[in-house]
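These notes are about the structure you will find just below.
Nothing in this text is a laboratory measurement; each read-out follows from the coordinates by a stated rule. None of these values were measured; they are calculated from a predicted model. A quick note on method: Cβ atoms are made from the backbone with ideal geometry, for glycine too, and the neighbour counts reach across all protein chains shown.
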Amino acid sequence: MILLDPNAPEERREAILEEVRQTIESAGTLVGEYDWGTRKLAYEIDHRPEAQYQLFQLEAEPEALDRLRHQLKIADGVLRHRLIRLKPGAPPPPEPPGRDGGRSGREESGDTQVAPRAAADA
């Protein structure tokens, strides 16, 4: 998962993603790439309330992952990144929450919960 700075120029974000693709394909296999779009962060990173989420699924040797980790660490425009090892045969990632217009299945059925403190304040 890569979180890109949404304030960076589009060309720079595309260049970062292309470099990541090339690094993966040079020493491994790109299994899937998912653009989760610009989303609000739980907390600000470098005074930015949003980030562009990009998820890559890949198969590669540990040396390639080290090279990719180093590349992402020094890349200007990358707010955060995380490499996670999945078990063999792991299913593809789910769609990001909120892709259906910001409504989850619980909200559509009317089954919403309110935090106890919020309910007491109401």
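Here is how the numbers come out for the structure above:
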quantity	calculated
The stretch 1-68 - Rg over Rh from alpha carbon coordinates, Kirkwood radius	1.01
Sequence-distant residues sharing a close amide H with Leu41 (under 5 Å, placed H)	Glu50, Ala51
Fully extended contour minus Cα-Cα distance, from Glu44 to Glu25, at 0.36 nm per residue	3.6 nm
Per-residue ³J(HN,Hα) for the stretch 46-54, Karplus 6.51 cos²θ - 1.76 cosθ + 1.60, θ = phi - 60°, Hz, x for Gly and Pro	6, 6, 10, x, 10, 8, 8, 8, 9
For peptides 15-24, 38-47, 54-63, sequence by mean Cβ density within 10 Å, most packed first	15-24, 54-63, 38-47
Computed lengthening from Glu59 to Glu14, 0.36 nm per intervening residue step minus Cα-Cα distance	14.0 nm
